[in-house]
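The values are calculated or read from the model by the stated rules, or taken from the named source; none is laboratory data. Please read all numbers here as calculations on a predicted model, not as lab measurements. All accessible areas refer to the heavy atoms of the entire protein, side chains included, with ligands and DNA or RNA removed. Shrake-Rupley method; radii C 1.70, N 1.55, O 1.52, S 1.80 Å.
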Amino acid sequence: MRDLRLGDAVLDGAGGFSPVYFFSHADAAVAAPFVRLELATSGATLTLSPDHYVDVRGAPVYAKDVRVGDALARWTGVDFVADVVANATNVVAEGLYNPYTLSGTIVVDGVLASCHSSWILDGLVPPRVAAPVYQRAFVVPRVAYKLIGPRGMDALFGVGNTGATASIASQTAALFAVVAILAVSAAAASKAALRR
């Protein structure tokens with residue numbers, strides 16, 4: 001994860017490649033609690049924060065709620081197969097990263113995961129409801145990425161995985177700036193279309 005940069009295309013849940021357009025966390029120096037899920041057939045492991053989403057039986061759940069016997073999707077190099085969780089342990093590890101892909105999914109160490117984790121709706125609705133809402137809510141940074149590319153996103157949000165993540169306040173301010181720019185652009189385009 002520490003080598004991943006904005007614009008890098010990574011394997012996603014459709015078996016294709018989706019670019020990373022945003023990082024909510026990119027800090028190599030922080031130690032944090034994680035859940036490590038080891039798969040029975042392949043021995044593959046997926047290590048993610050306790051409140052990060054992972055699909056179990058086709059629905060997002062918190063990593064901390066995954067149990068031995070639950071099946072996760074593992075990439076074989078050709079397609080995804082179900083692989084049963086043989087062991088789920090709590091660990092503390094260094095490095096906290098949360099890349100977002102345009103598709104909203106990412107394959108990490110051969111195992112499918114969501115790009116989303118707990119945020120503003122958690123505690124009110126379960127992950128299976130929150131995850132698609134979050135994916136739709138992130139339309140503005142996805143559009144911004146398509147308009148200004150990886151360098152523009154890094155300059156605007158300061159989240160290019162350069163070892164430091166911009167504060168939530170500065171990211172929020174930048175997000176509102178992008179929304180304002182898109183709203184003004186849409187209004188101008190609409191006005192121009194009406195004049196024709």
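Ligands, DNA and RNA excluded, the heavy atoms of E38 present near 70 Å² of accessible surface to a 1.4 Å solvent probe. One chain, two ends: A93 and V133. Fully extended at 0.36 nm per residue, the span grows by 11.5 nm beyond their Cα-Cα distance. Close amide-amide hydrogen proximity is noted between H116 and Y53, each under 5 Å apart and 5 or more residues distant or on a separate chain (H modeled in the peptide plane; Pro and chain starts excluded). Based on the Kirkwood approach, the hydrodynamic radius assigned to the stretch 56-143 is 14.5 Å, with every pair of different Cα atoms included. Debye-formula intensities of the stretch 114-156, expressed as log10 I(q)/I(0) at q = 0.14, 0.17, 0.31 Å⁻¹, are -0.41, -0.55, -0.99 (one equal scatterer per alpha-carbon, no solvent).
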